[in-house]
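Quick one: the structure is below, and I'll ask about it shortly.
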Amino acid sequence: MNKQKKRSEISDKYKWDLTTIYESDDEFYKEYEVVAKMIQDLKIDKVFENGKSLYEFLKSSDEIDVLIDKLYTYAHLNHDSDTTISLYDEMVKRIHNLYYEMSKKNSFFEPSLLKLNYAEIEKFYQEFPKLKEYEILLKELFRYKKHVLNESEEKLIAELAKSLKSSSETYSKLTDTDMTFGNIKDENGKTTELTESNFTTFLQSRKRSVRKSAFKKLLKKYGEFDHTIASTYSGYVNSLNALSNIYKYKNPIEKALFNDEIETDVYDSLIETVNENLGVIYRYYDFRNKHLGLKKSHIYDTYVELTNGKGRNYTFEEAEKIVIDALSVLGNDYVEVLKRAFDEHWIDVYNNKGKRGGAYSSGSYLTNPFLLLNYEGKYNDISTLAHELGHSMHSYYANSNNSYIYSNYQIFVAEIASTVNEMILANYMLDHGDALTKKIVINNLLGLFKATIYRQTMFAEFEKNMVLASKDGQILTSDYLEQNYYALVQKYFGNNVIIDDEIKYEWARIPHFYYNFYVYKYATGLSIASYIVSEILNGNKEMLKNYREFLKIGGKMNPKEALMTMNIDITKKEVVLSAIKMFDDYITKAEKILS
């Protein structure tokens, strides 16, 4: 067993260079004191007296915010490099305090602004034309005016905020802390504790008895708590319905989508389009059955990988070359920025003792992007590198082409650039990888489309059905939730998968049902990325040009407008259909590669 290295034992060439943010901790603390004083000195009286005073307040707030973000980037990246160093933990907490103090100082702004009519803001533009820099931001704030309560009502809701979150917090405590699932024997007969963390690993076991045991044991435990979890979920749904009524939305779905300026038609169209094309997922399960030698599979058979072997190991230098070669289709200037990520040490590559797990892209307006990896040399690690570079490149272009206020792109489009990179790499490896790598890649792609387009849409349909049923007066008992979830599983898996009885409890283990209609974004994000990749790889130069411009938009446009710059109309079915067609094509490729 390899001993985990200390950070000091990792070569500097594989670490990010945080001295580009601050040369030393002392420099960090000096700027921290400057920012703390800026918050203290921020003038909040007479903000709405005229256009000049409003502009000066907004400009001063931006200057503070951009510096807090820079401070936070330095603190949290150092902390995540080695979480055993208490100094950086303390730094992060200091920055949280700054965010809190700034939030308190600014708390008056939106309620006071929305007491005005937008016509008064337009007069301010005439008085002081520089205020037009903030026109998009101010218009966006006024979009919420009809959904904003008066001060006393908003204060009442704020007082109830903790209570309204109690259902999801209770669910998290129950499922993350209190519930245990007992022990299970792995493929080698070794007794191991079954947890949510290793559940999927057991479902991927080549030994059917292991898969079956893990599936039944874990879901039956959720079944033992189904009445309690039904109560927490029902309480959560009741709060969503109550808040949508209070804030004058038609329903919680409209309220959840309002921030992105997405109509509920987009949500409904996704579900409708996927339902009209369930034949493709049925074909996928039929292919799996044939490949695994099963007449019919059980639910617990649908996670087994279609190939044996972990594939070859790649050095990080090899990974760098593969990613740059694969992404060269996005243009020479794109590649030049990619090379900077490697040459200028934006990336923290290897695991070390105390380093945070997983991978992410981070940074601020005043810094370059930074990537945290825990690279181990497998194809999946290269895919992760390409994915996080997608986030970083999106941030780089958005920051480089916008003022601070419009540099942040919205969550709805946040996974597009990362998924585009990931899929371009996968298609490159299907052409250039060795035989085993091609098998691993096609297996991953099939799993991605199954999990994202179909499974996440099934979750989205369940969320919609339950919330609207509750709005119409239906009591969300455990029996009602289980019956509806089981019926959806039957529909989405088809006749050649045996729908085990325990699957009716699965709804109780999905934390995303407390995420307020978030899961549909996974499916729409992959659909949009699939459409872009398909067009680019088919030589559509106009799409390549438009995609590169899309990366520069930042927050200047809402998601629908930003996507229309690539002639992608998210309200039309063709976007989701393109992803389903790509999935179908990958199944055909898999039949050849895995034969």
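Restricting to Cα pairs below 8 Å that are 6+ residues apart, what does the relative contact order work out to for the chain? Please round to a whole percent.
Reported as a whole number, the value is 19 percent.
Still on this structure: How about Lys248: which aspartates and glutamates have a C-alpha closer than 14 Å to its C-alpha, ignoring those fewer than 8 places off in the same chain?
Filter leaves Glu153, Glu154.
Run down the lysines and flag those whose C-alpha is under 23 Å from the C-alpha of Lys545, throwing out any fewer than 8 positions away in its chain.
List returned: Lys339, Lys556, Lys560, Lys572.
Charges at C-beta only: +1 for Lys and Arg, -1 for Asp and Glu. How large is the resulting dipole of segment 14-148 about its Cα centre, in Debye rounded to 20?
With only Lys, Arg, Asp and Glu charged at Cβ, the dipole is about 880 debye.
Right, here's the next one. As I understand it, the value is the acute angle between the Cα axis of helix 208-224 and the longest principal axis of the Cα atoms of the chain; what does it come to in degrees, rounded to 10?
50 degrees
From Cα pairs below 8 angstrom and at least 6 apart in sequence, can you work out the relative contact order of segment 14-148, rounded to a whole percent?
28 percent
Mind checking which lysines have their C-alpha under 18 Å from Lys43, skipping anything on the same chain fewer than 8 residues away?
By straight Cα distance, Lys43 reaches Lys52, Lys59, Lys104, Lys105.
If you plug each phi of segment 156-165 into the Karplus form 6.51 cos²θ - 1.76 cosθ + 1.60 with θ = phi - 60°, what whole-Hz ³J(HN,Hα) values come out, in order, with x for Gly and Pro?
Working through the residues one at a time gives 4, 5, 4, 5, 8, 3, 5, 5, 5, 8 Hz.
Additional query: What is the dipole size for the chain, taken about its Cα centre, with +1 at each Lys and Arg Cβ and -1 at each Asp and Glu Cβ, in debye to the nearest 20?
1720 debye
Helix 226-246: angle to the longest alpha-carbon principal axis of the chain, degrees 0 to 90, nearest 10?
30 degrees
Mind scanning Lys132/Lys552; Lys296/Lys592; Lys37/Lys155; Lys130/Lys541; Lys145/Lys471 and naming the pairs with a C-alpha gap bigger than 30 Å?
Cα-Cα > 30 Å for Lys130/Lys541; rest within.
Highest mean first, how do 188-200, 265-277, 28-40, 405-417 rank when packing is the count of other Cβ atoms within 10 Å averaged over residues?
405-417, 265-277, 28-40, 188-200
Convex hull over the alpha-carbon atoms of segment 384-447: what's its volume per residue in Å³?
Convex hull volume per residue, Cα atoms: 81 Å³.
Here is a further query. Looking at this model, which pairs from Lys295/Lys378; Lys70/Lys115; Lys13/Lys378 are more than 30 angstrom apart at the alpha-carbon?
Where the Cα-Cα span goes over 30 Å, the pairs concerned are Lys295/Lys378; Lys70/Lys115.
If I histogram all Cα-Cα distances within segment 14-148 using bins 5 Å wide from 0, what percent of pairs lands in each bin?
Reading the bins upward from 0: 2, 9, 17, 18, 14, 12, 10, 9, 6, 3, 1, 0.
Once the Cα atoms of helix 86-106 and of the chain are each reduced to a long axis, what angle between those two axes, in degrees from 0 to 90 to the nearest 10, is obtained?
60 degrees
Could you please rank Leu389, Leu481, Leu292, placing first whichever residue has the fewest other Cβ atoms within 10 Å of its Cβ?
With the fewest neighbours first, Leu389, Leu481, Leu292 line up as Leu292, Leu481, Leu389.
Just so you know, all these numbers are worked out from the coordinates, no wet-lab data involved. Since we're looking at a predicted model, the values are computed, not measured. Note: ideal-geometry Cβ built from the backbone for every residue, glycine included; neighbour counts use all protein chains shown.
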